[in-house]
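Report on the following structure.
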Amino acid sequence: MSLLATENLTIRFGGHVAVNGVTCSFEPGTLTAIVGPNGAGKTTYFNLISGQLKASAGRVTLGGRDLSNEPPSQRTRAGLGRAFQLTNLFPRLSVLENVRLAVQATQARTGLNLWSVWSDHRDLLQRADAILQSVAMKDKEHELVANLPHGDQRKLEVALLMALEPQVYMFDEPTAGMNHAEAPVILDLIRKLKADRSKTILLVEHKMDVVRELADRIIVLHNGTLVADGDPATVIASPIVQEAYLGVSAKEGA
């Protein structure tokens, strides 16, 4: 059974159709890379799924529940986790305080008082510490977020996403703006998340070496339309991808 699905998902801006009737489903235990040339509609498709944009037509379902009319906050509570587009960092709080708030907010959904004393919840403290260890930021736990370099802020965003414990992880170009030393940490985190076969991961990424390594499946958008869907080797070798995404004509690829 599909965990996440879009059905005839469409959005129009005036006379321009940015996403055109995309029907696709995503299974637990898979990482799907969404690729395509600039302007293909990849981030717009993400925005429709996570609720930053309201669809002109079609619907989004998660575990059979229709989320099409739900705002982003409700979709997050339902289990959709989106990284790198909505920044939920508190710049005047420390790294550790940011993660603690995310952990506590998650537990509040199960009845924990959000304003209860932290020292009374050792398990939550341990959870926050473990998340910081996993994103290699334990040594920066007391630094103000406003003082962090860009790469560390992006790692912290992943930490907050992990604290929310979503069913679906959505990463939009997770290594953009990172240097060669920072990017492997994020990719290692995604590998670890992928090992949890109960989770679904969607990844928008331009770097084809990353796509080849991480993806179980690739879907290709071009001019807002889904034009290819399959295993990485088959999709990357297909003529439509060679031409539309890589800029190689069928003759040149022959």
* To do: Provide a single number: the residues in the stretch 224-237 that are buried (at least 18 other Cβ atoms within 10 Å of the Cβ) and not in a strand (DSSP E or B).
  => 4
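Taking the stretch 67-79 as the region of interest, how many residues are surrounded by 13 or more Cβ atoms within 10 Å (Cβ to Cβ), assigned to a helix (DSSP H, G or I) and not hydroxyl-bearing (S, T, Y)?
Counting residues in the stretch 67-79 that are surrounded by 13 or more Cβ atoms within 10 Å (Cβ to Cβ), assigned to a helix (DSSP H, G or I) and not hydroxyl-bearing (S, T, Y) gives 4.
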* **Evaluation of A195 against (1) surrounded by 13 or more Cβ atoms within 10 Å (Cβ to Cβ); (2) modelled with pLDDT of 90 or more; (3) within 26 Å of S25 (Cβ to Cβ) (one fails), failing number** => (1)
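Residues in the stretch 8-27: is at least one basic (K, R) and either surrounded by 15 or more Cβ atoms within 10 Å (Cβ to Cβ) or at pLDDT below 95 (or both)?
no
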* To do: Quickly run through the stretch 214-242 and pick out the residues that are polar (S, T, N, Q) and modelled with pLDDT of 90 or more.
  => N223, T225, T234
* To do: Might you let me know whether the stretch 155-173 holds any residue that is surrounded by fewer than 18 Cβ atoms within 10 Å (Cβ to Cβ), touching a helix residue (DSSP H, G or I) at 6+ places or on another chain (Cβ under 8 Å) and basic (K, R)?
  => no
* Structure fact -> Listed by first then second residue, the pairs whose first member lies in the stretch 90-105 and is at negative phi, whose partner is among the polar types (S, T, N, Q), with beta carbons under 7 Å and at least 6 positions apart or on separate chains, are F90/N98
* Scan of the stretch 33-59 for residues that are among the β-branched types (V, I, T) and over 16 Å from K207 (Cβ atoms), ordered by number -> T44, I49
* To do: Find the strands (runs of 3 or more DSSP E) located wholly in the stretch 16-66 whose residues include 3 or more that are out of contact with any Leu (no Cβ under 7 Å at 6 or more places or on another chain) and in contact (Cβ under 8 Å) with a residue 40 or more places away in the chain, and list them.
  => 16-26
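The values are calculated or read from the model by the stated rules, or taken from the named source; none is laboratory data. Because the structure is a prediction, the values reported are computed rather than measured. Please note: Cβ atoms are built from the backbone with ideal geometry, for glycine as well, and neighbour counts cover all protein chains shown.
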